[in-house]
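Colleague: Sharing a structure with you now.
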Amino acid sequence: MAEYIRRHFEHQDDGWDPTTNPDGYIGLCVAENKLVWDLLEPRMAECRDLEHYSIGYNSMVGSMQFRAELAEFLGRTFIGRKVDPENLAVLNGAGSVLEMVFYVLCNPGDGVLVPTASYTGFWADLETRDELQIIPVHCSSEDGFKLTPELLDAALDGADRPVNVLLYTNPSNPLGVVYQPEEVEEVLAWAHSKGIHVVLDEIYALSVFGETQFTSGAKLRPDMGDLLHIVWAFSKDFGMSGLRAGVLFTENERVLQAVDTLAYWAAVSGDTQSLLMQLLADEDWVDRYLAENKRRLATAYRRVTEVLDAHGVRYIPAEAAFFFLVDVRPLMDDNTWDAEHRLWDRLVTDLRLNLTPGAACPQRRTRFHEARVQLRANRRCRRGRQAVGQVCGIATDLAGSRDVPGYATDRRRQVVVVANQNPLILSGWRRSTEGWNIFSASPCWSLRARPTKRCRNLHGQYQRVISTGSPHTRMSTVVG
Ligand SMILES: Cc1ncc(COP(=O)(O)O)c(C=O)c1O
């Protein structure tokens, strides 16, 4: 767990209160909406009529009653067009939705494009159980972190592994910026032209308090096709991060089928679904709540920025969500991440104020950041080299000879081999003067590999070889 989060949980029971605890702790490092509890509490208390069906087994992606209400709500509010409840899957939080959707779209070892500055949680969501590697698309603070096709091309061209998906967040975390429809359109068009999936995280869609109108990707693409997937949750716009209810909206039948199969391990309780369903059904209340939430967010933003302006602290203006980037460099004793950490530590220890450090939001690399990235790469390489060492003979054989039985060259240039019973994905190799070098490999324990043919390695021994066949091995495994 990151240090700033650990410190937050240590101190949160000693929270600041103007009268009872004026020296208390102020945690500004977690994206939670604390402005609306007085609106939620009385209305939620009225939603406790449980129907009998709510406490029994039901569809693990959400009961049809709940998804129908949710489809109505999403269509009416930020999606801006009709939503078919069959195209929705509800899981316990946006984090679970992301983890699962990436599980089915990618294979272990694949890369995922993520524009920076980025929400730091994506690293845990994608790299832990899914075994993916985020390939940052470095955007620059000079132009407000604008994402362009040129930057996307550069990140894709520089990728050392297959890339199948782009994860794009609008409104952005941690910038609180709302992208214009033309910008979103440009990104969608780029991905479409490359056959790359876009997972569009729209979790802050209804927390926009500025002038720029939010436009959902689903509105820009009334026919979403197989490559566009939208993620939303109750965690932010409804201030209900502890209830754990996130939504996937996709028209890709195979993704829906795979998520449906896996949802048993990430389902939302029937009790929570019942509560949310009753809440959404009260359209008047929902509309009043959403309008008041925006008004309060705008007021809070204005108050904070007025203080920053008065003290000449620079920041990137925001129009949505509960955070924005503040430039604390003038307050640091050196222009390094170490100095930023020292400042952060002083704020928490002396003032009991916890801000999310910039180092936690992967963004354009400084020398220090580059050093960290390098270290990780080296560690990976060492493990990779050890693993590759076991199978190098086979891989060289596979990569070097086109007619080895079972050698798969799909458009992702991916081969799986089994060495000592361990399936290993070789995701990149290159010919050099010494022969073929493997530069990327990862174990794929989760792949229920089906050995196809036998082939001979360089030492003349027969080995079992698995062809990944389809570009969506995991999805194929799940869907069957
Ligand atoms: C952009 C973004 N996506 C996903 C999440 C995770 O949301 P949840 O709590 O619903 O899992 C967060 C939480 O901060 C977020 O900011």
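Colleague: Determine the principal axes of the Cα atoms in the range 1-153, then give the extent along each, sorted from largest to smallest and rounded to whole angstroms.
Modeller: Largest to smallest, the principal-axis extents are 52, 51, 31 Å.
Colleague: Take the Cα pairs of the range 39-286, get the Kirkwood Rh, then feed it into Stokes-Einstein at 25 °C and 0.890 mPa s and tell me D in µm²/s. Show your work: numbers first, answer last.
Modeller: Values: Rh = 18.5 Å.
The calculation lands on 133 µm²/s.
Colleague: For E253 and Q12 in the same chain, what is the full-extension length gain: residue separation times 0.36 nm, less their Cα-Cα distance, in nm?
Modeller: On the way: separation 241, 0.36 × 241 = 86.76 nm, distance 4.29 nm.
So the chain would gain 82.5 nm between E253 and Q12.
Colleague: Another question, then. Please give the length that would be gained between E211 and T19 if that part of the chain were fully extended, namely 0.36 nm times their separation in residues minus their C-alpha to C-alpha distance (nm, one decimal). Mind showing how you got there, number by number?
Modeller: Details: separation 192, 0.36 × 192 = 69.12 nm, distance 3.55 nm.
Extra length available between E211 and T19 comes to 65.6 nm.
Colleague: Per residue of the range 119-128, what does 6.51 cos²θ - 1.76 cosθ + 1.60 with θ = phi - 60° give for ³J(HN,Hα)? Whole Hz please, x for Gly and Pro, Karplus curve as stated.
Modeller: Once rounded to whole Hz, the list reads 4, 5, x, 4, 5, 5, 4, 9, 9, 7.
Colleague: What's the extension gain from E150 to E185 if we count 0.36 nm per residue and subtract their Cα-Cα distance?
Modeller: Numbers: separation 35, 0.36 × 35 = 12.60 nm, distance 1.46 nm.
Additional length available on full extension: 11.1 nm.
Colleague: Compute the distance in nm between two label points, each set 7 Å from the Cα along the Cα-to-Cβ direction, one at E283 and one at S140.
Modeller: With each label point 7 Å from Cα toward Cβ, the separation is 4.8 nm.
Colleague: Additional query: If you take every DSSP beta bridge whose two residues both sit in the range 39-286, what share of them, in percent to the nearest 5, is antiparallel? Don't skip to the answer; put the middle values down first.
Modeller: Values: 9 of 27 bridges.
Restricted to the range 39-286, the bridges split so that about 35 percent are antiparallel.
Colleague: Mind giving me the nanometre distance, one decimal, between the label points for W265 and Y315, set 7 Å out from Cα along Cα→Cβ?
Modeller: Roughly 4.0 nm, to one decimal.
Colleague: So, one more: Tell me, what ³J(HN,Hα) does each residue in the range 2-18 have, in order and in whole Hz, if you take phi through Karplus 6.51 cos²θ - 1.76 cosθ + 1.60 with θ = phi - 60° and put x for Gly and Pro?
Modeller: Taking θ as phi minus 60°, the curve returns 4, 4, 5, 6, 4, 4, 4, 5, 5, 9, 5, 6, 10, x, 4, 9, x Hz for the range 2-18.
Colleague: Now for a different question. What pairs from K146/K194; K146/K236; K194/K294; K82/K294; K219/K294 go past 26 Å between their alpha carbons?
Modeller: Numbers: K146/K194 20 Å; K146/K236 24 Å; K194/K294 37 Å; K82/K294 24 Å; K219/K294 21 Å.
As for pairs spanning more than 26 Å Cα to Cα, those are K194/K294.
Each value in this text was obtained by applying a stated rule to the coordinates, not by laboratory testing. Everything quoted here is computed from the prediction, not taken from an experiment. For neighbour counting, all protein chains shown are included, and Cβ atoms are generated from backbone atoms with ideal geometry for every residue, glycine included.
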